[in-house]
Amino acid sequence: MNNDRRRFLKTSLLGGAVVAAGCTPGADRQQEVDSEPSAPLKILILGGTGFIGPHMVREALRRGHEVSLFNRGRTNNELFPDLELLVGDRNSGLQALEGGKWDAVVDNSGYVPRQVEDSARLLASAVSHYLYISTISVYAVSPVPITEESPLATMEDETVEEVTGESYGPMKALCEQRVMAQVGADRTTVLRPTYICGPGDRTDRYTYWPVRTMRGGEMLWPGTPEDDIQMIDVRDLANFTVDCLETKIFGTFNTVTPMRSFKMGDLLEDSLAVTDADMTPVWVDKDFISENEVAEGGGLPIWEHPDGEFAALSYVDGSRAAAAGLKNRPTRETARDTISWWKTLPADRTDKLRAGLGADKEADLLRRWHQQNA
Ligand SMILES: NC(=O)c1ccc[n+]([C@@H]2O[C@H](COP(=O)([O-])OP(=O)(O)OC[C@H]3O[C@@H](n4cnc5c(N)ncnc54)[C@H](OP(=O)(O)O)[C@@H]3O)[C@@H](O)[C@H]2O)c1
């Protein structure tokens, strides 16, 4: 497995708006939900307190469902004081789940096949629906477009338990198979998100672009404004997750913004529109980026080099999920809400972005680019 896969996995580890004219997903979803409220479900979430979990918890509660959490009680455990918390570590013991009964389980914290197999085996008789949060990183290098039938990444030693940039994808693929084997495909939903973006994201991969824009001045943008990218807003993923439970949608789904609907130029426009910044974009071509290893170390998050081995990851077919009801809100809304959330964070969190180009590296690259094009 070469460096590129390692870089690809690191960037993906570890995400216009497809809105029919006049339809703003958030609003119509509410109307739909309120007009046909589903019978309250008892939902167990394995996790629930990191990034995607809180959005799922809030959406399930907003729709009148009952939510229990299972985690170690270490992460943000002040978030949901009124919810039943079953404390345990997937790595060592699921005793807290024994004897429980729920309508459905959402598995957010499943990375290690053995652990996922253990929870699926235990819960197979305790729930009627197992929803596993996987990732597009399960896919092996594939031709465009990547569909749910595209080949999956594999690993020689399937007993590996350390999650690295290399093992993450193949391990998640094995986790999917373990759930299917224990619960059965007719009671399982597998969601494969691409970059999950929005308020609460801990990786800053999407957040880098509007936040760096806010700093203004000359800013390096990779490739061309036409370069295709994909993401999924965390709230759209949460909505679709609860939809799947309410309407018993089973199967495997890529959860992404539709192919070729979102481009680097759109991300630029969104970033400018929601920051009102005085930023001058400098589009730097893909060859300069290769020659100068600009993307190394997550320097250009979300963007895939068009000639790169993993260019296909910007062409993941999401039509199956869209047909099943996944709605993608306007990307400008994701940008706006991400910046609003960012502005609520403490300085020690916002001082340094966790992804993207550092100021010195960017300035040096821009100097070299201008020299080269003088
Ligand atoms: N972020 C992305 O762009 C992206 C893209 C594709 C797929 N994904 C998938 O999204 C999921 C991650 O989402 P998230 O972290 O935001 O989920 P989350 O449900 O919000 O948070 C992770 C939860 O897992 C719990 N947890 C962690 N290790 C545990 C253990 N050993 N035993 C029991 N509980 C444990 C944590 O609580 P404690 O620490 O208190 O135990 C926390 O509640 C993963 O499955 C990942 O593969 C993410």
With label points set 7 Å from each Cα along the Cα-to-Cβ direction at VAL160 and ASP89, the distance between them in nm comes to 2.3
For the chain, what is the percent of antiparallel DSSP beta bridges, rounded to the nearest 5? 5
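Considering only the other residues whose Cβ falls under 15 Å of the Cβ of GLY318, what net charge follows from Lys and Arg at +1 and Asp and Glu at -1?
Values: positive: ARG192, ARG260, ARG320, LYS327, ARG329; negative: GLU148, GLU149, ASP228, ASP233, ASP236, ASP243, ASP317.
Once all neighbours under 15 Å are counted, the net charge is -2.
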As a test of the formula, what do you get for the chain when each DSSP H run with n ≥ 4 contributes -39,500 (n - 2.57) and the sum is divided by the residue count, at 222 nm and rounded to the nearest 500 deg cm²/dmol? -10500 deg cm²/dmol
Within segment 40-134, report the GluC sites (Glu not before Pro) that DSSP leaves as loop and that have at most 10 other Cβ atoms within 10 Å. GLU78
What value does the chain have for Rg/Rh, both radii from Cα atoms and Rh as Kirkwood defines it? 0.97
Between ALA324 and GLU293, how many nm apart are label points set 7 Å from Cα along the C-beta direction? 4.1
Taking θ as phi - 60°, what are the ³J(HN,Hα) couplings along segment 143-159 by the Karplus curve (6.51, -1.76, 1.60), each to the nearest whole Hz, with x for Gly and Pro? x, 7, x, 8, 10, 5, 9, 5, x, 9, 5, 10, 9, 4, 8, 6, 9
At most 15 other Cβ atoms within 10 Å and a DSSP loop assignment: could you name the GluC sites (Glu not before Pro) in segment 178-273 that fit? GLU226
Area accessible to solvent at LYS327, 1.4 Å probe radius, in Å²: 60
Of the listed links LYS248/LYS327; LYS172/LYS248; LYS263/LYS286; LYS286/LYS343, those spanning more than 25 angstrom between alpha carbons are LYS286/LYS343
Amide H contacts under 5 Å for VAL284, placed H, 5+ residues apart: TRP221, GLY223
So, taking all protein chains as they sit and a 1.4 Å probe, how much accessible area belongs to ARG260, in Å² rounded to tens? 130
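The values are calculated or read from the model by the stated rules, or taken from the named source; none is laboratory data. Keep in mind it's a predicted model, so treat the numbers as computed, not measured. Cβ sites come from the backbone with ideal geometry, for glycine too, and all protein chains shown count toward neighbours. Accessible surface areas use protein heavy atoms only, side chains included; no ligands, DNA or RNA. Shrake-Rupley method; radii C 1.70, N 1.55, O 1.52, S 1.80 Å.
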